[in-house]
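S.K.: Sharing a structure with you now.
Computed from the coordinates by the stated procedures, all read-outs in this text should not be read as laboratory data. In this text, all values refer to a predicted model and were calculated from it rather than measured experimentally. With ideal geometry, Cβ positions are generated from the backbone for all residues, glycine too; neighbour counts draw on all protein chains shown.
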Amino acid sequence: EVLPLQKTKAEVELAASRAALERLRRELGGARVQLVSMWGGTTADLGPLVMPDAGTLPPIPTAEEALRRVASHPALALADNGVDGARIGLRSARAEAAPDLEITAGYRRFRETGDRAAMAGFAITLPLFDRKRGEIRGKQEHLAAAVLRAQDARLEVGERILDALERLQGLRRGIELHRETILPGAEENFTATERGYRLGELTLLDLLDAQRTLLAARRATLDMQAEAYQLFAELEFWLPGLTGKRGAP
């Protein structure tokens, strides 16, 4: 027989669960609308929501592989192009500052004897004031700034990728722990508690507590999966094709 206090608490638990379910449905509906708006479609274009199994997480690349692949990313190549452009500008300024060399050649006829002779000469313009010195200094500073920007960009991207990879490794270990140990234990505990409740050996509160523990374990697993896929989505920008293959977490 269910005591009034147990019944009231069970009704509260049920109402809270229903409220949480409705909140999640609203969040899902909003996410679906936001998703289809990105390509100008409608929610009718989307199929049913399918929650991937933990075993379908894409493989996580090593740090060396990730840094090697990101080195050729267009965003970093753009920073390198800025360095190349600054170098070209510096070379151009130095070339304009170099003295001009003039070479002349020709023949000369001597009136007295009627003889002819080949003649050659050269001249170098030596400027009294180096008007290009300031421009060259400016180009050098521009090149140094471009190099620093390119280095900072690579360092920032590298740090973000390494941080994401480290978090993914931790999430994968957490998912494996829940899937192999915590979830089976929570399911076994709920099954045993449910059996004890049906036999009258345990109370409804015991059953609700076991159910709450099981749901919390499942929710924690799903939260870790969602965070892992979010990190994969962020890494996909820097490592195109990262999620093209599926593998064990």
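S.K.: Please find the FRET efficiency linking R167 to E64, where r is the Cβ-Cβ separation and R0 is fixed at 22 Å, and quote it to the nearest 0.05.
M.R.: Computed FRET efficiency for R167 and E64 comes out at 0.80.
S.K.: Here is a follow-up. HN-Hα J couplings of segment 173-187 from phi, Karplus 6.51/-1.76/1.60, θ = phi - 60°, integer Hz, Gly and Pro as x?
M.R.: 5, x, 5, 4, 4, 5, 5, 8, 10, 5, 4, x, x, 5, 5
S.K.: Say each of V147 and E236 gets a label point 7 Å from the Cα, pointing the same way as Cα to Cβ; how far apart are those two points in nm?
M.R.: If labels sit at V147 and E236, their model points lie 3.9 nm apart.
S.K.: By how many nm would the segment from A15 to R212 lengthen if fully extended, with 0.36 nm per residue of separation less the alpha-carbon distance?
M.R.: Contour length minus the Cα-Cα distance gives 69.6 nm.
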